[in-house]
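Working notes for the structure below.
The values are calculated or read from the model by the stated rules, or taken from the named source; none is laboratory data. Everything numeric in this text was worked out from a predicted model, so none of it was measured. Cβ placement follows ideal geometry from the backbone for every residue including glycine, while neighbour counts extend to all protein chains displayed. The accessibility values were calculated without ligands, DNA or RNA, using every heavy atom of the protein model including side chains. Shrake-Rupley method; radii C 1.70, N 1.55, O 1.52, S 1.80 Å.
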Amino acid sequence: MFDIAIIGAGPGGYTAADEAARRGKSVVLFERNLLGGTCLNRGCVPTKALLRSSKTYAEAIGGSEYGIASSGVQLDFSAMHTRKAKIVTSLRDGLTKLMKKDKVKLIEGEAQIVSANDASCTIVCGNMEYEARETVIATGSVPKRIPIPGIELPGVLTSDDILEGEGKDLSSLIIIGGGVIGVECAEIYAALGRQVTILEAMERILPPFDKEIAQRVNMHLKKSNVKIEIAARVAEITQQDDILCVRYCNKKGDEQQICARGVLIATGRTAETTGLFVNNIHAKLEHGALVCDNDGRSSLPHVWAIGDVRAGTTQLAHVAMAQARNVIRVICHEEQLMNEQLIPSCVYTSPEVASIGITETEAKERGLLIRTAKVVTGSNAKCLIEGGDSGYLKLISAKDNGRILGAQLVCPRATDLIGELTVAIAQDMTAAQLAAVIHPHPTVNELIAEAALQLI
Ligand code: FAD
Ligand code: AMP
């Protein structure tokens with residue numbers, strides 16, 4: 001009998017395994033594919049590695065802005081993927097060592113819960129049975145496939161297809177869905193000079209982000225020759241020789257058809273619980289995701305869920321890891337560590353995008369009295385040195401006590417800067433406290449100090 005069984009070894013699962021093992025618990029961790037899950041093998045890490053390569057290529061051919069003339073720059077698509085694979089393998093090797101050091105029993109294969117009662121769960125993997133007092137489900141998510149004719153055609157791809165292995169070298173690509181995954185994939189291919197079109201069903205790309213941020217990213221992508229159709233209703237995908245065509249209705253209601261070498265479906269992700277429960281075990285599910293209480297307890301006794309598989313969660317790696325730390329603490333009768341309400345969101349475009357806390361629109365909708373300060377990148381030395389499209393940092397504070405409530409950034413290194421602002425909000429810091437801290441010069445972080453000064 002193990003103390004804790006964990007199903008799925010993505011960021012949620014491996015973090016839970018490490019936290020539990022460090023508390024002296026005996027842990028069995030099941031993984032049907034690769035240690036590291038979606039994030040390491042076909043998500044966060046491969047996208048950012050490929051974005052780094054595609055940005056280097058774009059800068060090499062567009063170096064005249066920096067006083068560098070170049071000719072004969074060659075793109076080596078396969079070498080880009082080899083570099084990505086090296087990074088992924090090195091991180092995976094590190095995880096393997098960590099699991100070994102923690103004495104976590106790693107079982108390769110698909111796990112199924114065959115019984116769950118008040119005392120324990122029985123899990124089957126291969127032809128072996130494992131029993132555990134507590135079971136943590138961390139099975140993550142898989143790409144959502146929209147129900148349209150032609151979705152099964154070869155050449156209709158998901159993020160798994162373009163990020164794993166050798167990738168797909170396509171001269172033209174239609175991306176259905178303009179969320180974070182769609183936009184980051186558009187950025188990779190557009191920077192390589194490929195012809196990219198995004199078809200987004202909503203009125204704008206990046207729907208959960210602030211409208212102004214979405215407009216900036218829209219402008220940047222259009223400058224990179226990405227064609228964007230908003231309010232697009234996709235009807236069908238057809239194949240003509242080795243070309244795929246997408247039929248859709250545009251915003252005006254006119255029927256259109258566009259064709260490309262590949263179609264990427266980036267319409268979101270679905271929680272993965274397929275085949276997980278057998279023998280009439282009924283866990284409460286919502287669209288396949290496990291419904292849990294605030295501590296991560298599912299409807300089954302001693303069964304918990306963390307990460308993308310939990311209903312209502314924000315599907316991000318850092319959220320999965322935070323939930324893992326909290327669930328293991330609850331199981332071990334300790335206080336939760338992580339504040340699960342304060343979640344930074346990032347998009348790795350150029351310039352980068354990051355957001356934390358409330359936006360100006362949300363504050364107005366909630367009737368909050370706020371002050372806002374907006375500093376443009378054109379006034380910051382480091383941003384001008386870095387070059388690229390212009391952007392801004394917007395800081396929001398409470399009118400009465402000056403507490404920082406939110407921030408939205410479109411600027412170089414926004415995804416690193418957001419950490420400082422997240423700490424400021426988590427620690428209830430005021431604009432005056434933030435402004436009183438010396439920020440080094442020249443840095444992009446000075447945007448934060450400048451905005452904070454404007455709020456006092
Ligand atoms: P997963 O990482 O999905 O891991 C679940 C694991 O469970 C998988 O390895 C799977 O094989 C295994 N599994 C499933 N069922 C079983 C079973 N029955 N038995 C055994 N094993 C099983 N998030 C960010 O925070 N930042 C980013 O920049 C970012 N970029 C992304 C880019 C892309 C293209 C994608 C697709 C996602 C991105 N995400 C990003 C989201 C992030 O990858 C997920 O939120 C995160 O991986 C969720 O972690 P998890 O542990 O819940 O699940
Ligand atoms: P995310 O949820 O961030 O992964 O983003 C998914 C994106 O796909 C969102 O912007 C959705 O509005 C968009 N989307 C979902 N379904 C469709 C569809 N059928 N056609 C076009 N876009 C879609």
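Key figures for this structure:
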item: Tally, over segment 317-353, of residues that are open to solvent by less than 50 Å² (accessible area, probe 1.4 Å) and either assigned to a strand (DSSP E or B) or within 13 Å of ligand 1 (Cβ to nearest atom) (or both); result: 15
item: Residues of segment 33-57 satisfying the condition of being part of a helix (DSSP H, G or I), of a type outside the set (D, E, K, R), open to solvent by less than 40 Å² (accessible area, probe 1.4 Å) and at negative phi; result: 38, 39, 40, 41, 45, 46, 47, 49, 50, 51, 53, 54
item: Residues being touching a strand residue (DSSP E or B) at 6+ places or on another chain (Cβ under 6 Å) and assigned to a loop (DSSP other than H, G, I, E, B) - total across segment 210-245; result: 3
item: Selection from segment 210-231 of residues that are more than 23 Å from residue 387 (Cα to Cα), touching a residue at least 60 places away in the same chain (Cβ under 8 Å) and open to solvent by 20 Å² or more (accessible area, probe 1.4 Å); result: 211
item: Condition met for residue 345 (hydroxyl-bearing (Ser, Thr, Tyr), within 29 Å of residue 295 (Cα to Cα) and outside the structural domain of residue 446 (by TED's automatic domain parsing)); result: yes
item: All positions within segment 232-267 that are of a type outside the set (S, T, N, Q), open to solvent by 70 Å² or more (accessible area, probe 1.4 Å) and touching a residue at least 40 places away in the same chain (Cβ under 8 Å); result: 242, 261
item: Unique residue being at pLDDT below 95 and in contact with a Leu (Cβ under 6 Å, 6 or more places away or on another chain) when the list is 69, 116; result: 116
item: Qualifying position, being more than 18 Å from residue 316 (Cα to Cα) and of a type in the set (Gly, Ala, Ser), among 391, 357; result: 391
item: Among the residues listed as 182, 177, the single one being within 11 Å of ligand 2 (Cβ to nearest atom), within 22 Å of residue 52 (Cβ to Cβ) and under 20 Å from the mean Cα position of the chain (by Cα); result: 182
